[in-house]
Amino acid sequence: MCGSRSTSISNVSMTESTQDEIVEPGSQQDPAVSLSDVQVRQEEINEDLTQEDLDRRVDIYLTETETIWMLDMPSVVVSVESEDAGRVQERNRIYVEICKNRPGNDRFVEKTMQTINGATKNKEVQCDEVIMEDKGMLVTSWDLCDSFNILETKPASKAESSRATTGKSSTSHATKEHNQTMSVSSDRGNDFPGSRTSVMILEGAALARIHKVEECHSEAILTSMNFQQNLFFMERILMENIFQPKLAAYRQLPVLIDPDVTSDTSDKVAATKEANQEEQDKEKEDKEEQKEAITEPSVLSDLKKTLEETVPLRLEQLWSYMCDLTHGHSVSSMTWNKVNPDLLAVGYRAFDFKEQKKGLACCWSLKNPMWPERIFQCKHGVTALDFSMASPNLLAVGLYDGSVAIYDVRSCNDTPLLENSASSNKHTGPVWQLRWVEQDRSATGDGKKERLICISADSRVTEWLIQKRLDCTNLMKIKRTASEKKKIPGEKGKKREAPISQQAAGMCFDFHPKDTNVYLTGTEEGYIHKCSCSCDEQFLQTYRGHKGPVYKVTWNPFSTDMFLSCSADWSIILWQQDSQMPILTFSSTTASVHDIMWSPKSVSIFAAANENRVEIWDLSVSIFHPVVSCFASPGAEFTSVLFANNTDCLLVGDSKGEVGVFELQNLAAHSSNKV
């Protein structure tokens, strides 16, 4: 660096004076000595310089000085007087040395955060065990020859078809040579192991290709619609052959006997006929003896009439609707199709209310009692279902969560056509019963209109409107009814405790057979209310007689002023529409009565499903005991009953998912239409 002489000297003097004046922190230097040095240097600077000194070139180098600490106050965490002070100072000294040696060391990384690097973790990957298998096969020379022929065979063109005749001899000759070659290679397999291995590989590839083609062809056949339809018809034919005697008994038709029956079967049939003939002969002899003992003609006629009327009614099980899907579910409800009397819809749910699971709605046909025709999977248990009358392909299903869904039984898809699960107006409790009801509106000129009615545990009776989506309106909100208690003479009036809820849970309902504007509702508190579609605020009449929840109420189809009700209080009550007092009370066992139904062929016969048995009552025979009873299997409970409309049969559902079909033998229809 060049400059004038005066400037150079001044710069030197200033640099030197500055270096001398600055003292490193912590150094103990005598201030007197420092002043003397400065003075001496000042004197040196003030000396006269010669011309030669001024003309001499001086090089000045600027270097960085050490860091000047204006204030150094190290932080102290541990007191100097502490016992651990020495150990901490030693650790700090070691850390300072480590920091000095930090540049170029991979063990230290500078970061702007005061965090500690965590320990490294070992990561492992798990996978399924690779299973190695050794496979072998026995191959003959004929198999190898056929495999090579298949590989070499190509579809002949039209030009080669003319030479097919001449090609036969050459092919046979080539085949012979090929067989000889293969035999030689097989005999010399020990000398040429490589050639044998290649032949095995080619043969294995050819066989694998053949098997693959066969599998694809078989899969195409199995998945074809024609094959599925043929299997369906074959299954129906087999079911008809297996269940032919039982189906004939169900339809009250004569049982057909195969003409090629074996001699053993014919002997059994003959023996059965002889036994039946002997029983009939004994009955005739007994009747003749009774006739000889009685001489009066009036008594004889009365006895004859009594014997004819007291033929015992019997229940004989024909078959059961049950499969692996329905096992473990409880039968909640059953209904027949309004057009096809052979199509039965059954709803399934969990029998235990605490352990609810997914439900099922299955459609069974008499043509296949071993597997349902349609299976609809539901997110919640199915509590009620019914077929439409105007559109017999529509099946309405009520679920345990309060939603309602409508399915099309013509489709195999289990997705409902309409549902109200997302509706804000849906029921908040289980839908215990639902029905398609035809309302007569001839007075208004609209004719008959079908509507879907539901009753739920949220105390609402609703009518559902089927449009682009399901929406409902309330027909009735069931309110609690104050119990009528007899006042004791002299007792002062006490204030009645207000109930927790002003609404009563609905359990069942039934519309009048003739007047569809009037219907009955059974409640959880044990009352039966007579209601009208024209009034949604008050009941027309209230029937008191049950001490527990009313599970079912049903009008008599012949005597339309009478109806039955069953309850959890072990009783069945016969009511008359105009009387609020029970006419008859039936109680044969100490068990809840889950379901009842009038016979569609007799005015005085009805069926009842108790927990442990199903009963048939005939009021013309006895009002104290059922005429026939059938006990449930161990561990099962009967839950629902349903009469067949066109035959003398009864269907009974239980808690194990089984629907038993029973034949009612000796069922006599009464001519009277009054109970």
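The values are calculated or read from the model by the stated rules, or taken from the named source; none is laboratory data. Everything numeric in this text was worked out from a predicted model, so none of it was measured. As a convention, Cβ positions derive from the backbone with ideal geometry for all residues, glycine included, and neighbour counts pool all protein chains shown. SASA here: full protein model, heavy atoms, side chains in, ligands and nucleic acids out. Shrake-Rupley method; radii C 1.70, N 1.55, O 1.52, S 1.80 Å.
Find, among the GluC sites (Glu not before Pro) in the range 522-572, those assigned to loop by DSSP (not H, G, I, E, B) with at most 13 other beta-carbon atoms within 10 angstrom.
E537
Scan around D595 for amide H atoms under 5 Å from its own, H built in the peptide plane at 1.01 Å from N, and keep only partners 5 or more places away or cross-chain.
For D595, the qualifying residues are A609.
Among the listed pairs K338/K530; K379/K477; K530/K601; K354/K379, which are separated by more than 18 Å between their Cα atoms?
Values: K338/K530 27 Å; K379/K477 27 Å; K530/K601 26 Å; K354/K379 16 Å.
Result: K338/K530; K379/K477; K530/K601 exceed 18 Å.
Given the pairs K357/K426; K367/K656; K426/K468, which span a C-alpha to C-alpha distance of over 18 angstrom in this model? Mind showing how you got there, number by number?
Values: K357/K426 20 Å; K367/K656 23 Å; K426/K468 16 Å.
As for pairs spanning more than 18 Å Cα to Cα, those are K357/K426; K367/K656.
Is the C-alpha gyration tensor of the range 328-374 telling us rounded, prolate or oblate? Criteria: a/c under 1.5 is rounded; beyond that, a/b larger than b/c is prolate, otherwise oblate.
Here the range 328-374 falls in the prolate category.
Along the range 131-143, what does the Karplus equation 6.51 cos²θ - 1.76 cosθ + 1.60 (θ = phi - 60°) give for ³J(HN,Hα), rounded to whole Hz, x for Gly and Pro?
9, 9, 10, 9, 10, x, 8, 9, 10, 9, 5, 5, 4
Just by accessible area at a 1.4 angstrom probe, what is the order of C412, C99, C378, C216 from largest to smallest?
Highest to lowest solvent-accessible surface, that is C412, C216, C99, C378.
Under a 1.4 angstrom probe, counting protein chains only, how are V518, V339, V78 ranked by accessible area, largest first?
Most to least solvent-accessible, the answer reads V339, V78, V518.
Expressed as a whole percentage, what fraction of the accessible surface of the range 498-537 belongs to carbon and sulfur atoms when a 1.4 Å probe is rolled over the protein heavy atoms?
Ligands and nucleic acids excluded, carbon and sulfur reach 48 percent.
Given H placed on each backbone N at 1.01 Å, which residues far from D386 in sequence or on other chains put an amide H within less than 5 Å of it?
Close amide H contacts, sequence-distant or interchain: A396.
Given H placed on each backbone N at 1.01 Å, which residues far from S333 in sequence or on other chains put an amide H within less than 5 Å of it?
Placed amide hydrogens put G347 under 5 Å from S333.
Gain in length, Q51 to E450, computed as 0.36 nm per residue apart minus the alpha-carbon separation, to one decimal in nm?
Using 0.36 nm per residue and subtracting the Cα-Cα distance, I get 130.4 nm.
Compute the distance in nm between two label points, each set 7 Å from the Cα along the Cα-to-Cβ direction, one at N101 and one at E83.
3.2 nm
Among the chymotrypsin sites (Phe, Trp or Tyr not before Pro) in the range 316-421, which ones are in a DSSP loop with at most 11 other Cβ atoms within 10 Å of the Cβ? Mind listing them?
Passing both the DSSP loop test and the Cβ count: F353.
Could you work out the local net charge near N645, counting Lys and Arg as +1, Asp and Glu as -1, over the other residues with Cβ closer than 12 Å to its Cβ?
Counting the neighbours of N645, the net charge comes to 0.
Pull out a ≥ b ≥ c, the square roots of the eigenvalues of the alpha-carbon gyration tensor of the range 516-651, then state rounded if a/c is under 1.5, prolate if not and a/b is larger than b/c, and oblate in the remaining case.
prolate
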